[in-house]
Amino acid sequence: MRIVVIGGTGMIGSKVVTKLGERGHEAVPASPNTGVNTLTGEGLDAALAGAQVVIDVSNSPSFEDAAVLEFFETSTRNLLAAEAAAGVGHHVALSVVGARRQPGKGYFGAKAVQEELIEKSSIPFSIVRATQFFEFARGIADGATQDGTVRIAPVQFQPIAGEEVATAVSRVAEGTPLNGGLEVAGPERVLMDDFFRDALAAWNDPRQVVTDPEARYFGLHLDQDTLVPVEDTIRGEITYNDWLGK
């Protein structure tokens, strides 16, 4: 199949392109680096010509409330319109676990808007909702740091390796559209403050983790199950220690 991967030069997208290519598909990376811009529509029609499937793993360059909403709303509208014109038969989107359970402003709210647009379109679709990636753990710790301490809420957390997210997205893209979603998560569920306490120790990072029930996550106040799967779930096999190479 000819499968166009929007965001196909990024961290997850490049892995998806590689996996699809290894399975015999014509996987085409599409991003601003290849002349395709979903926010402006530049290059979309040419990129989607002849595509049976489109995978969207693109991400906003800014997580500021207005900017992230504009990115997902505008780029998704442009992408779906171009897919309809090209006769694409399956739209696959990577989203986040919890986006629809606790929508609001910020990143989670923008992803909820993206999902709603996909569901209302005429194109058969599949939405893969992933938990947080191991690759972003250090960035989360840095963003949660105040006065030299890392403030983390004691909520359920089940992060996953980006490699396993890419595998799940690739397999969904090869199959029949779900016209719904599935969730993917790592093999271990822990409290988020405990995860970061152990992670900082593994990094030999001297910062202390402070348990703070009011700590925000991308601007969101977290319930116990906001960040973990509650629906049909694909569980990965790579633990965080495996991923670190410990």
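Tabulated values for the structure
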item	result
Among residues of the stretch 192-209, those that are among the aliphatic types (A, V, I, L, M) and under 21 Å from the mean Cα position of the chain (by Cα), counted	1
One residue from Ala66, Ala82, Ala86, Ala51 being at pLDDT below 95, over 16 Å from the mean Cα position of the chain (by Cα) and over 20 Å from Thr131 (Cα atoms)	Ala66
Residue within the stretch 210-227 that is of a type in the set (Val, Ile, Thr), modelled with pLDDT of 95 or more, surrounded by 14 or more Cβ atoms within 10 Å (Cβ to Cβ) and over 20 Å from the mean Cα position of the chain (by Cα) present	yes
Top-ranked residue in the stretch 89-114 [being among the charged types (D, E, K, R) and touching a helix residue (DSSP H, G or I) at 6+ places or on another chain (Cβ under 6 Å); ranked as modelled with the lowest pLDDT]	Lys105
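The values are calculated or read from the model by the stated rules, or taken from the named source; none is laboratory data. Because the structure is a prediction, the values reported are computed rather than measured. Here the Cβ is made from the backbone with ideal geometry for all residues, glycine too, and neighbour counts use every protein chain on show.
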